[in-house]
Structure formats: C-alpha cells, structure tokens
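Novice: Right, I'll just put the structure down here and ask away after.
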Number of protein chains: 2
Amino acid sequence: MRQGPIEPVKNVRPSNRADFTTGPQQLTAPAGTPPLKVYALGGLEEIGRNCTVFECGEDIVIVDIGLMFPEEGMPGIDYIIPNITTFRGREKNIRGVIVTHGHMDHIGGIPLTISRLGFPTIFTAPLTAGIIRKRQEEFGNLNNLKVQLINAESKVQLGKHFLFEPFHVNHNISDAFGAALHTPYGTILITGDFKFDFSPVNDEPADLTHIAMFGAKGTLALMSDSTNAESPGHQISEKTVSEEMERIFQGHKGRLIIGTFSSLLTRVQQIIWLCEKYGKRLMIEGRSMNANVELAHSMGYMHIKPGTIVQEGEFGRIPDEKLVVVCTGAQGEKNAVLMRIANNEHRHLRVQPGDGLVFSSSVIPGNERTVQSLKDALVRQGAKIYHYKNLDVHAGGHAKQEDLKLMMRLTKPKYLIPIHGNRFLLEAHAELGEEAGIPRANIFVADNGQIMEWTNEGGKLTREKVPVDYVMVDGLGVGDVSEVVLRDRVALAEDGIFVVIATIDKKTGALVGSPDIISRGFVYMRENKELIERSRAFIKKLLKDNDPRSGAFEDHLKNKIRNDVGQFLFRATERRPMVLPVIIEV
Amino acid sequence: MRQGPIEPVKNVRPSNRADFTTGPQQLTAPAGTPPLKVYALGGLEEIGRNCTVFECGEDIVIVDIGLMFPEEGMPGIDYIIPNITTFRGREKNIRGVIVTHGHMDHIGGIPLTISRLGFPTIFTAPLTAGIIRKRQEEFGNLNNLKVQLINAESKVQLGKHFLFEPFHVNHNISDAFGAALHTPYGTILITGDFKFDFSPVNDEPADLTHIAMFGAKGTLALMSDSTNAESPGHQISEKTVSEEMERIFQGHKGRLIIGTFSSLLTRVQQIIWLCEKYGKRLMIEGRSMNANVELAHSMGYMHIKPGTIVQEGEFGRIPDEKLVVVCTGAQGEKNAVLMRIANNEHRHLRVQPGDGLVFSSSVIPGNERTVQSLKDALVRQGAKIYHYKNLDVHAGGHAKQEDLKLMMRLTKPKYLIPIHGNRFLLEAHAELGEEAGIPRANIFVADNGQIMEWTNEGGKLTREKVPVDYVMVDGLGVGDVSEVVLRDRVALAEDGIFVVIATIDKKTGALVGSPDIISRGFVYMRENKELIERSRAFIKKLLKDNDPRSGAFEDHLKNKIRNDVGQFLFRATERRPMVLPVIIEV
C-alpha cells in the first residue's frame, strides 16, 4: 500500500488513536458499553471464503467477503460463499465492509452478497477497488456499489464503537493491508493474507514501524494468517524469485512460456522487467491476466516500457529467442491458456522443441494430478520444464512460522486468534503463539460462526454460533444445491443410473408389454445385452404378483423395484447404480 | 534381499554369465539371432501399472504386473491393470514373470491376468512370493500359481535367449531386487523401484559390488526408476527416520498413534524396536497391516520380542504413556483405521487430548485434500500432529537425482531407458542421463507399448506399438467400463440427470396426459417446483405438433426433447443435466 494520499480521501475522521490505544492491552470500556462479538463466517475451517465479523451494540463491521473452491465430493459446484443469514433484518447496522486485498478468497463473495447486505460501503485500497469494480461489472449492479478508498494514513470511524486504521503488509498482489479495529475494549489487528517482504516488487515493505507502534501501545487481539503455519522458517522475498527467474532468462535459448496466477501481478511485473533487461518481447495470454495487467497498468501499479508487450498481429514475426509468453493455467485449470496450449487448442501458440516452460506458482492441494498431466503433455511436445520444486521460481504470499512469530513479537497481543486455514493449521499457529509467549488460555481456535466475546471482564470463546452452512454456487443458482443433490451427484458418478420404466394396467396391476430399461454410466449397454435381458426377465417376474387395490400401491412397487433390482445388479456386477423406477399407469 | 541360499532353489541352471557379459557394452549376436524387442505395458506414462516385456524370437519374459489407481475423471473405477492382449495366442512363449518386490504397483495385476497368461512361472524373492500367494487366495486359483524362489546368487535361464540374474537393491519393503537380463545383444538391467540405503532396516544395503560388476563388464541398457527424478540430492536412509521417530518417542507424553502404509514393513519394524527400547506396547490396527506383519514375521522378516504386541482384550489396561498404535490410513483412505478413528467409527479407539499423531508417509498426489480433512478431524479432537513436513518421519523408497546418477556411473550403460513415472519424470531422468555422460541419442523416452529394438546394428526406438489401452477394474467387471460409460459418469456428476417421460398416442402422436419429470443431482425438486412446472409446460408445447407417420418418429422426438429441454434448462439455471427422454407409446 502506498504512503501518502493518492487521491482525495472522503469522510475520514481525523485520528483519535490516542483515545483508544493508549494504555494497557485490554481497555476498560465506559459502563453500559455492549459486549464486543467477533466471529468468522468463513476461513477458520478451510482455505478460502474468508469473512470476519465484528459486532458491538448496533455496529457491525465486516472484513473481507471471499469465496472458496469446492472440496471433493461437491461435483458441479462452482464455488462456495459465506452464509450471510445472520445479518437478516440488521443490514442497516453494517457500518462498512473492509477488504484487505484483491484476491478471490477475499473479494469473490462480494457480487453475490452485497445487494442482499443493502450495499454497505466498501473500504479498500485503490487496486483492490479496481478489481472489485471490474468483477461487479460481470454481475450487474455496478452503479449501486459504494467504494471508499483508503490509504496508509486513513482512519475511519465506523459507527459509534469502531475506528478502522489500515496498516501496510506484503502479499503477492499490491495494495494489501491489515486492518486495525480500535474497539472500546482495545485494538484488534486483522492481518489479512500477509508476508514480510524486505525487498518487495512494485510495493513498499510491510510497514514495520506502524505495526510496532500497535505493540508499543498494547493490542487486545491479533487475528493472523495461518496458511503457512506448518512451514518452518521465513517466506522468501519476491526478489529471490527474480534472481532465479533471471538465471532461466540467461540460460534458456528458445522461447519461454511462464505460467502463473492471473492475480499474481508482482510476478508479471518481474517478468516484464526481465524482458526489458534482456531485450525480449512479452506476450500476455489469458483474458483475466490481460484484464488485470491492464487495470494495474492504467492505475499506475505496473511499469511497462513501450514496445515490451507484443501487439496483436506481431506474433509470427518475433524470433523464438526473443519471445516470452506469460499466461494463466499453471494449476491445470480447464480452459486456461496453458491447458489450451498443451491440448493444441490455442488459437496460435503451439509447443515446439526448445520451448522452456516455467511453472511459477505453488500447486494448490487437490490440483496435483491435473498439473502432472499438464506437464506430461507439454514435455511430450518437446518443452523443458522449470518447476518451483527445482528452483525458487515461486515465492508464496504467506508468512511462515518465523514470520508469524515476528508479527506476534511486534504487536504483543493479549489474545491470539489464528485465522485463514484448516483446523490443523490454526492449531499449528496456536502452538507458535505459545512459543511466542501467549498463554494458551488466551489463544482462541474457533470454529466458523463461533462467537468470541469481550466485556470488561475479559475475552472468552463462547459456545454460541451463528449459521455458517455452505452456500454453494452452481451456475445461476446460489444456495439451491442441497446435500441431497450433492449426494445424488456423487452416487451417480460412482456407478451411474439404471432407469426401469414399467407400464402397468391401472385396473389389474398387470405389466403391459415389456419393461423399458435405460442406463447411463453403469455398463456399456451395447456390450452387455445379456445382462440387460436378464434384468428385464427379473423385473417381469418381480412385477407378476401385484395387487393394485392395496394402499400406496405405486410407492410399494417403486420401492420393490429399487431394492430388488438394486440387489440383483449388485450380485451380477458388484456395482450399485442408482435404480430409478418409473411406473406408467394406463 | 538375503545373501546365500535360504531354501533349495530348483531348476536353476549354473551360471554362464561369462558367455553373455564379457566384452563390450553391445555384444554381437550369432548370425540369425532374432531382434530383441523391449516395451512396457505400463509405467511409462504414469506412476503404477508397472509391466515391462522382453521378447527375442519365441522367448517372452515379463517383469512385474502391477496395478494403478484411477486418475481423475474415472469415478467408480477400482483400479487399472496392464493390457495383455499382445500375448494372445503366444501365452506358451512366456518363459517367466519376474517380480521385483511386493508392492501393489508391481504385483497388483497378477491375480487378474495370470490365468489368462496360462500360469507362467513367477520368479521372485520369498517375501514377495508370500504376498503374491496371500493376495491370490482372495481371487481363487491359488493352486495353479507357479512360484519359483530366487536369491542373491540365482541365475535362471529363461528360454533360449535370456539369462536372468537378480541383484539386490533397497526399497521400503524387504526382498526388493533389480533384474539383470543377459540377452544375445548384451545385458539389460531393470532396477525395479529402488534406493541406495547404506543403513537399511531389516535388510542388507544394496549390493553395490554386484551392481558395479555389471558396469565393469559392460551393460547394454539400464532401465531405471524415475519416480523421484525431479528431486535433487540423495534419498534419506530409513535410519534417519528412526532417529526422528525416536525423538518423538522421547518427547511425547501421551499415546502415540502412527499412520503409515500397510506395506511399509520396514517402518513398522522400527516402531517395534522403539517400543521395545522405551518399554511401550504396540497395537497394530488394520486388516492388511496385521496380515502383512504376520506374514513377514512368520517368514523371519520381522523381529518382535514376546510381549511387545498388545493382545486382544488387553487394550483397556495399558496406561496412555505406554501405548503406541500403528495403523493404516495415513493417506485418508476411506474405511482405513485412521479415518475410522477420526470419525469415531473405530470399535474402541477414540482420539483424546494428549494423543500424538504421526503421519509417517508422503502424501500421494491427489490425496492432499482428504489428508487435510483427516488432520482437521484429528486435531479437533485434541491430537497433536507430527508430520513429515515438520520432521523427517518419512523416507521415500525411491532414488533421487544423485542416486540415479550413482546408478548410471556404477553400471555404465550404453543405453538409458527411464521407467516408472509420468512423462515429465522420464524426461527429467533423461536429462540426468545426459549429465552422467550418456549421449541423448542413446536415451529412449518411450510411450507405453512403444517397441525398442536391438539388432547387431544397434538399438532404436521404433514407431511400432503394442496395445496398451487401459483395462479398468470396477467391481466384478474387468475391462467392461468403456470411455462412454466414464464420460456419462463424469457428466452425471457435474449436473445430474433430468428424465422426461412422455406418453404418446401411437396413432395420432399426441401427448397423453402430462409428461412425467424425474431428476437427480440437478436441483432439489421439492424446492424448485416452479422450475419443474415451467419445464413441464415447455415440454407440452414442444410435443404439440408431431407427425407420427414420419420415419424415425421416436428418434426425432427424443432428439428434440434432449436438445430443446437441455437448452431450456441451461437458460434457466446455467447447468447442463443429462436429459434422458423416454417415450411410451400407447
């Protein structure tokens, strides 16, 4: 985040930091002050869907509204967003939504929730604001979006009980900040995603002085990023990546194709600088990456000399040793550029022997096998792979164990609340907290939705919970895919479906003609005619003795088909397709 | 593998090594010798399904018949085995199946192929033989199995053209060996899975002298394990694991629960020794692990003092600080012990605060998310996790880059053929080969099934291929799940199924009554009645104008329903369920 004002900052109250932060770690609030409640609507039991909430009396402040990508066992789901039902009827109390940086796990839920929240003001830094606006365009309602820009010197009063003060941290996107919330009971620091980078790219180093000042004055609680809490040591600097990448630029003879995340703009900047240094031309491939680079460049967050970027139509005329391509898809994402190149589906890029392929990103858990297949396809076409396992071509964006302890030592919180990570990561972070001298009783490892509460008596992790059930987004549907639907999808994927259509005489209950059988995903019907014929005979026999006068005749018949045919098929194949009986009465 | 004879070795011809291996790297075969053909039926484009074949005239030798676990996009598939159609009609020419060690990716295909191969003799070491026999029991036909044991001094003539000589290597199971095949054109070494362990557990160090002798005499080709070809440095010794594990034994106060692979017997042995050293009692949990330990113990491959193992019924009486549990499920396998403990489904083990959980295995690509959830569940119940990321509690079984180069420097092959790994791993191994001085033209990175051929003119990678299509095993079906079935399963998983049942008047083509709609895995029908009603109205309209006299009336109608209803649903939901039209004519 930049130092100094970069554009007029509106509605910002002058600092009254002294009122709130001088004194001991926990302040004594004036009599009658309501308790402070803190909880997360996401990000405590997972990576993603980050959303943290602060309530004091009638004031509500939200920090981040992210999305999460689906877990295993959720086929067809696009993503998951925080459940905001807890705010129903209290939307007018939301004093602001603070957004710490522009990555999807912190902003992705905004377009799908902000209108239902009544368009509260979003407080964020300029680049993040640009990315939020750009995404909102795709969802409509852009004109209703209220965004107020903040900078390194902002202090914003939010309702009666909160004063928000951002502090600059590093991450692998510019303009990341942590949020200090001064409350009647003391100051709570929310780091957001962070690392300390003493030689960052296109960014200032994290504002250690500012952070240390919080510690000097005493902080109530630190809510800190746990993503890398299991990784020993310090996170490496983007600068180190640059040095490794430079060695590849120097050593590799042919074209270079570099895959990374479309949001990893600091990485793209480094590649641009290296291209300029080594007289190479850069082609940026991928809709989202182009859009992000354009946005960041137009806002002054990226520095590109004229002539560096390859223009439309120039492509064929650039010699191989002069061409560098940076693109999306290093995670093996379907339809991303790298996948299209590997599958010969890209409109003009084909891998050729001599190409160097750099995977400049870590592999997100769950994507490993897809990335392996991607690498296989590229290597098969003659590419040489440079991977972060071999070389330091990826610096993560998250603080590792020693960085996390540094943050604690600097801020000296009374309470530690690990956030952003699976439960085992939060626990690993809690252990680091103990190592850094925070008593275990003051470390709250909470569930999503579990309320932490402060009064003048101190803080506690209550047993109270707000609803945090998954809200799954699938196509146009938000929250309409239930557990039942998911269970069916998983079952269908395992062994397919077997539809039995029986036409029954309404009066006699007798089967009319032969039952129809349709199956998908079970066995290949053309090659298993004998099994189908045996099934048909079995069903005929099953339907022989029916009494249509019995109550719930149809239900009874369906259950019978479902159970008996299911067992018949299992004995024959040891598979359990979903059996769907259809009874037509004529 | 043990030195010296351990039981009578039958049908083994005395060594005629001198006839084959003295001289240059490529020998000149007598005039009229047929060409030597080498190809893999699996293991060159994947991890798993290892199976390598050598043919010379009428002699066929197979090395390993493994299985592979399914890739993404293969829901419901249990595993994949090598395709053996290339042997059809030539089964009598198979002179032997050499099995290098007892892991599933090397033995798993045997029970499903060996009868179709006409029960050729299996040549392997005693522990491997025990494991193969044990598995065959589950599939029947055990009495037909022909197994001949070999040891470190065996030499076995296989047909006219091959002499097989095993050499001892290390892996994370005892009795692993590599196979030297002396052929008319020179000696080919197949390493199998290997590492060099200078301080192994329950095993001798790899027989470096033996291996070096091959190099001294000159080898034609080295076929070497590529699993860890991307990992720099040397693989660590099992001894190092022991030291780290000992530190956990010393430092941890409560119970210890250690998850690993059921086949990782050297690890279990170390845990037994540590229990004995520190006066703890060991409980072995998991059917496969118990069976393996029992087998290895009965064969003298494991050393257990009386009283170390907890007996049935003793469990409740052992104090926490004295109890160690070793179990399966460190990969998050469904129904394995660790998963059952985490889900409170184990018959008597529950996690309690103070438990230490050690994940003593690497995470197989694809299992990361499941392992994360498993760790979350365990931590939530109060366990402390010790993981190989934090501590060296796992030593892999595979040679890393420097080990691979050591193997090349020792054996000095004329040709290098990287095996066992994805394409990108084979390429990484090929690069190491160049670094170790093997000319690129003599390094064959082949596809599965692609034939490498040697004559007196030298070796070449031909364009000829034998069939290697996946043979998928699903329940009782071997090879009956086709691409079509898999594609349907994947589609069903994404957006479910939408069945439209229309009853049509045979004569007029008019719709009778209202169409029935059944859907699964698409939307929750109870909560989406309005969408279902709109769909029904749409279908009614669609079916209004039909001409039953036109040819292929029913097909036409079905296609129309499939396309138009599909589009209608996509517009309404942006989902694409499989639309299954059923026309009943009355």
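Novice: Just wondering, is there one or more residues in the range A:496-503 that are at the interface with chain B (Cβ under 9 Å from one of its Cβ atoms), touching a residue at least 12 places away in the same chain (Cβ under 8 Å), surrounded by fewer than 17 Cβ atoms within 10 Å (Cβ to Cβ) and among the β-branched types (Val, Ile, Thr)?
Specialist: No, the conditions are met nowhere in the range A:496-503.
Novice: Continuing with this model, one more query. Report every pair of residues separated by at least 6 positions or lying on different chains whose Cβ atoms are under 8 Å apart, first residue within the range B:505-528 and away from every other protein chain (no Cβ under 12 Å), second hydroxyl-bearing (Ser, Thr, Tyr).
Specialist: Listed by first residue and then by second, the contacts come to B:Leu511/B:Thr503.
Here's the yes/no breakdown for (1) polar (S, T, N, Q); (2) closer than 24 Å to B:His348 by Cβ:
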site	(1), (2)
B:Pro232	no, no
B:Ser242	yes, no
B:Arg247	no, no
B:Gly251	no, no
B:Ile258	no, yes
B:Ser263	yes, no
B:Gln269	yes, no
B:Ile272	no, yes
B:Leu282	no, yes
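Novice: Let me ask something additional. B:Glu243: surrounded by fewer than 16 Cβ atoms within 10 Å (Cβ to Cβ) and farther than 26 Å from B:Glu312 by Cβ, yes or no?
Specialist: It is true that B:Glu243 is surrounded by fewer than 16 Cβ atoms within 10 Å (Cβ to Cβ) and farther than 26 Å from B:Glu312 by Cβ.
Novice: Residues of the range A:198-219 being within 27 Å of A:Ala40 (Cβ to Cβ) and touching a Pro at 6+ places or on another chain (Cβ under 7 Å), which ones?
Specialist: Matches in the range A:198-219: A:Gly218, A:Thr219.
Novice: Given the criteria surrounded by fewer than 20 Cβ atoms within 10 Å (Cβ to Cβ) and of a type in the set (Asp, Glu), does A:Asp474 qualify?
Specialist: No; evaluated as a whole, the condition is false for this residue.
Novice: Within the range A:435-444, identify whether any single residue is out of contact with any helix residue (DSSP H, G or I) (no Cβ under 9 Å at 6 or more places or on another chain), more than 10 Å from chain B (Cβ to nearest Cβ), in a helix (DSSP H, G or I) and under 26 Å from B:Gln381 (Cβ atoms), and answer yes or no.
Specialist: Yes: the range A:435-444 contains one or more residues that are out of contact with any helix residue (DSSP H, G or I) (no Cβ under 9 Å at 6 or more places or on another chain), more than 10 Å from chain B (Cβ to nearest Cβ), in a helix (DSSP H, G or I) and under 26 Å from B:Gln381 (Cβ atoms).
Novice: Looking at the range B:381-418, which of the residues that are β-branched (Val, Ile, Thr) and surrounded by fewer than 24 Cβ atoms within 10 Å (Cβ to Cβ) is modelled with the highest pLDDT?
Specialist: My answer is B:Ile385.
Novice: Counting only residues that are at pLDDT 90 or above and in contact with a helix residue (DSSP H, G or I) (Cβ under 7 Å, 6 or more places away or on another chain), which one in the range B:518-533 is surrounded by the most Cβ atoms within 10 Å (Cβ to Cβ)?
Specialist: So the residue we want is B:Gly521.
Novice: Go through the range A:308-335 residue by residue and tally those that are acidic (Asp, Glu) and outside any loop (DSSP other than H, G, I, E, B).
Specialist: 2
Novice: All but one of (1) of a type in the set (Lys, Arg); (2) over 30 Å from B:Phe194 (Cβ atoms); (3) in contact (Cβ under 8 Å) with a residue 60 or more places away in the chain hold for B:Lys322; state the number of the condition that does not hold.
Specialist: The single condition B:Lys322 does not satisfy is (3).
Novice: Continuing with the same structure: Taking the range A:393-424 on its own, how many of its residues are under 23 Å from A:Met452 (Cα atoms), within 14 Å of chain B (Cβ to nearest Cβ) and of a type in the set (Lys, Arg)?
Specialist: Residues meeting the conditions: 1.
Novice: Give me the pairs: first residue in the range B:217-234 and away from chain A (no Cβ under 12 Å) and at positive phi, second residue surrounded by fewer than 23 Cβ atoms within 10 Å (Cβ to Cβ) and in a loop (DSSP other than H, G, I, E, B), beta-carbon distance under 8 Å, and six or more apart or on different chains, which are they?
Specialist: B:Gly218/B:Gly23; B:Gly218/B:Pro24; B:Gly218/B:Gln25; B:Gly218/B:Lys412
Novice: Let me ask something additional. Is it fair to say B:Glu368 is of a type outside the set (Gly, Ala, Ser) and touching a residue at least 12 places away in the same chain (Cβ under 8 Å)?
Specialist: No: the conditions fail for B:Glu368.
Novice: Could you grab me the full set of residues in the range A:469-485 that are assigned to a helix (DSSP H, G or I) and either more than 8 Å from chain B (Cβ to nearest Cβ) or among the small types (Gly, Ala, Ser) (or both)?
Specialist: Listed by number, the list holds a single entry, A:Glu483.
Novice: Out of the residues in the range B:346-378 that are part of a helix (DSSP H, G or I) and of a type in the set (Gly, Ala, Ser), which is nearest to B:Pro70 (Cα to Cα)?
Specialist: B:Ser373
Novice: Which one of the conditions (1) loosely packed, with under 14 Cβ neighbours inside 10 Å; (2) not in a helix (DSSP H, G or I) does A:Met302 fail to meet, given that it meets all the rest?
Specialist: Condition not satisfied by A:Met302: (1).
Novice: Residues to consider are B:Phe315, B:Phe261; find the one that is among the aromatic types (Phe, Trp, Tyr) and within 30 Å of B:Phe198 (Cβ to Cβ).
Specialist: Within the list B:Phe315, B:Phe261, the selection yields B:Phe261.
Novice: For residues that are out of contact with any strand residue (DSSP E or B) (no Cβ under 6 Å at 6 or more places or on another chain) and in a helix (DSSP H, G or I), scanning just the range B:78-94, find the one that is nearest to B:Val481 (Cα to Cα).
Specialist: It comes out as B:Thr85.
Novice: In the range A:95-154, what residues are small (Gly, Ala, Ser) and touching a Leu at 6+ places or on another chain (Cβ under 9 Å)?
Specialist: A:Gly96, A:Gly102, A:Gly108, A:Gly109, A:Ala125, A:Ala129, A:Gly130
Novice: When residues of the range B:101-122 are filtered for being touching a helix residue (DSSP H, G or I) at 6+ places or on another chain (Cβ under 6 Å) and closer than 18 Å to B:Ile419 by Cβ, how many remain?
Specialist: Number of matching residues: 2.
Novice: Please go through the range A:341-363 and give me each residue that is under 13 Å from A:Ala330 (Cβ atoms) and buried (at least 19 other Cβ atoms within 10 Å of the Cβ), ordered by number.
Specialist: Within the range A:341-363, A:Ile341, A:Ala342, A:Leu357, A:Val358, A:Phe359, A:Ser360, A:Ser361, A:Val363 meet the criteria.
Novice: Here is a follow-up. Filter the range A:447-468 for residues that are more than 14 Å from every other protein chain (Cβ to nearest Cβ) and under 19 Å from the mean Cα position of the chain (by Cα) and give the result.
Specialist: If the condition is that a residue be more than 14 Å from every other protein chain (Cβ to nearest Cβ) and under 19 Å from the mean Cα position of the chain (by Cα), then A:Gly449, A:Val468 are the ones that fit.
Novice: Would it be correct to say that B:Phe249 is in a helix (DSSP H, G or I) and either within 18 Å of B:Gln401 (Cα to Cα) or of a type outside the set (Val, Ile, Thr) (or both)?
Specialist: Yes, satisfied.
Novice: Looking only at the range B:286-316, which residues are modelled with pLDDT of 90 or more and either under 21 Å from B:Lys253 (Cα atoms) or of a type in the set (Val, Ile, Thr) (or both)?
Specialist: Matches in the range B:286-316: B:Val293, B:Ile304, B:Thr308, B:Ile309, B:Val310.
Novice: With the requirement that a residue be buried (at least 21 other Cβ atoms within 10 Å of the Cβ), modelled with pLDDT of 90 or more and aliphatic (A, V, I, L, M), what does the range A:364-380 give you?
Specialist: A:Leu374, A:Leu378, A:Val379
Novice: Go through the residues of the range A:537-548 one by one and say whether even a single one is more than 9 Å from every other protein chain (Cβ to nearest Cβ), loosely packed, with under 15 Cβ neighbours inside 10 Å and touching a Gly at 6+ places or on another chain (Cβ under 8 Å).
Specialist: The answer is yes; a qualifying residue exists.
Novice: In addition: Among (1) buried (at least 24 other Cβ atoms within 10 Å of the Cβ); (2) on the phi > 0 side of the Ramachandran plot; (3) in contact with a Lys or Arg (Cβ under 9 Å, 6 or more places away or on another chain), which single condition is A:Arg49 missing?
Specialist: The failed condition is (3).
The values are calculated or read from the model by the stated rules, or taken from the named source; none is laboratory data. A quick note: this is a predicted structure, and the numbers were derived from the prediction, not measured. In this analysis, Cβ positions are derived from the backbone assuming ideal geometry, glycine residues included, and neighbour counts consider all displayed protein chains.
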